[in-house]
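The values are calculated or read from the model by the stated rules, or taken from the named source; none is laboratory data. Remember, predicted model here, so these are calculated numbers, not experimental data. Glycine gets a Cβ as well: all are built from the backbone with ideal geometry, and neighbour counts include every protein chain shown.
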Amino acid sequence: MNPGNSMFGFADIARTTNAQTRSICAENPDGRKSGGAQASPGDPGTTPAASAMGRGWKVRPCLRDLAPGQTVTLADIQGPGVVQHMWFTVLTDVHRCLALRVYYDDQPHASIECPLGDFFANGLDGCALVNSMPIAVNPKGGMNSYWPMPFRKRIRITITNDGPKAINELFYQITYALQDVPSDAAYLHASWRRSMTTRENPEHVILDGVRGAGHYVGTALVWAQLSTWWWGEGEVKFFIDGDPADGPTICGTGTEDYFGGAWGFVMDHTTDLTPTTYSTAFMGYTQAVYGCPPKIGPRPPQHNLYRWHIPDPVRFQKDLRVTVQAIGWWVQSGKYQPLTDDIASVAYWYQTLPSAPVKPLPPMDERWAR
């Protein structure tokens, strides 16, 4: 990619270009120039709170009454251009009920298909605070993505309510630039997967089935710990361009190592085995949830982590497969042990088109750790 092109952010902030900035939200649903703040109180989808102030004063700030099973197209933009920022917020108990999908250049299948919260490294409850370069999540549940999303012909972004109840308010804003796209710019993809590992096969597949050329740029992970003691000995492996099943080109040294931590995230093993959470520009461990959260009741320990390969993208020319092992530490024997754990992940990568369909999201009852 051309680092001198304005689609890449801070390095070019002083340059002037002929790009045109547009933004889509409920107040300007098609992003038209001079198209914002046009709703009047009483129009469909507006809020009664604006009745005393009238047109132009926060009349339609959000998408209202998204019914179960309903799909709404949030953005349908003709290119070329680049989506530069997406912001969402929604109630804290529906983040996996909402399915985010992104379609590029009239491909019939989505290139991004992911529960809304998981896309923003918030697969547990939407309350993790993320202070990273491409994703920022701020109190309370303000989810921001700065992943550049170039498109040449068209981009279409949809949201679907797969949950059992209507969602009364969905706030969103999608900011983009209408501009030329460099010939070597690839398309952002993201795919969500969940599996329960077994002692016979203690491995979770983060990504598989990728065909084409591109580079892997990130992993978000929610690990529900169903076994006792330490859970993070497993290696993250990248199988690149025809690697055999037993010979990855990249093989890490442990799960916490891949996310930039060490020694179980514990600061002092002699006094307190509680892990320490953190959030940095490229990697983080934002939640370590134990016990019985209010209104939820008993649940297994759960861990929320992310790793962005922005300074160190994993390049591939033909295909890519990414896995993580579920391996623990058995104190009594001092040996590793295979684990039966519940793992959900998001893989982020850029690649050329045409691309293969990403793995479809499962039904609602298969999206949650048991």
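From the list SER195, SER183, the lone residue that is crowded, with 16+ Cβ neighbours inside 10 Å and of a type in the set (S, T, N, Q) is SER195. Select the strands (runs of 3 or more DSSP E) contained entirely in region 220-332, then report the ones holding at least 3 residues which are in contact with a Pro (Cβ under 6 Å, 6 or more places away or on another chain). Result: 236-240.
Quick check, is LEU361 at pLDDT 95 or above and within 30 Å of GLY69 (Cβ to Cβ)? Lay out the reasoning, then the answer.
Details: at pLDDT 95 or above: yes; within 30 Å of GLY69 (Cβ to Cβ): yes.
Spelling it out, LEU361 is indeed at pLDDT 95 or above and within 30 Å of GLY69 (Cβ to Cβ).
Can you pull out the residues in region 57-70 that are within 30 Å of VAL181 (Cβ to Cβ) and either loosely packed, with under 14 Cβ neighbours inside 10 Å or at pLDDT below 85 (or both)? Matches in region 57-70: none. Looking at region 44-56, which of its residues are in contact (Cβ under 8 Å) with a residue 12 or more places away in the chain and surrounded by 12 or more Cβ atoms within 10 Å (Cβ to Cβ)? Passing the criteria: GLY45, THR46, THR47, ARG55, GLY56. Test ALA224 against the criterion of being in contact (Cβ under 8 Å) with a residue 24 or more places away in the chain and either of a type outside the set (Val, Ile, Thr) or in contact with a Phe, Trp or Tyr (Cβ under 7 Å, 6 or more places away or on another chain) (or both), and give yes or no. Criteria met by ALA224. Of all the residues in region 202-249, those that are out of contact with any Leu (no Cβ under 9 Å at 6 or more places or on another chain), hydrophobic (A, V, I, L, M, F, W, C) and within 25 Å of PRO360 (Cα to Cα) number 5. Annotation note: Cβ proximity below 9 Å between a residue of region 163-184 that is in contact (Cβ under 8 Å) with a residue 40 or more places away in the chain and a residue that is part of a loop (DSSP other than H, G, I, E, B) and basic (Lys, Arg) (sequence gap 6+ or interchain) occurs for GLY163/ARG96; VAL181/ARG152.
Of everything in region 12-39, what is at pLDDT 85 or above and more than 20 Å from ILE157 (Cβ to Cβ)? Give them in sequence order.
Here is the first cut: in region 12-39, the residues at pLDDT 85 or above are 13-39.
The answer is ILE13, ALA14, ARG15, THR16, THR17, ASN18, SER34, ALA37, GLN38, ALA39.
Annotation note: Cβ proximity below 7 Å between a residue of region 235-259 that is without any contact (Cβ under 8 Å) to a residue 60 or more places away in the chain and a residue that is in a helix (DSSP H, G or I) (sequence gap 6+ or interchain) occurs for GLY252/TYR258; GLU256/GLY264; GLU256/PHE265.
Residues that are within 19 Å of the chain's Cα centre (by Cα), farther than 27 Å from GLY45 by Cβ and outside the structural domain of VAL90 (by TED's automatic domain parsing) number at least 1 in the following strands (runs of 3 or more DSSP E) confined to region 114-215: 187-196, 203-211.
Here PHE151 meets the list (1) surrounded by fewer than 18 Cβ atoms within 10 Å (Cβ to Cβ); (2) closer than 21 Å to TRP87 by Cβ almost entirely, failing just condition (1).
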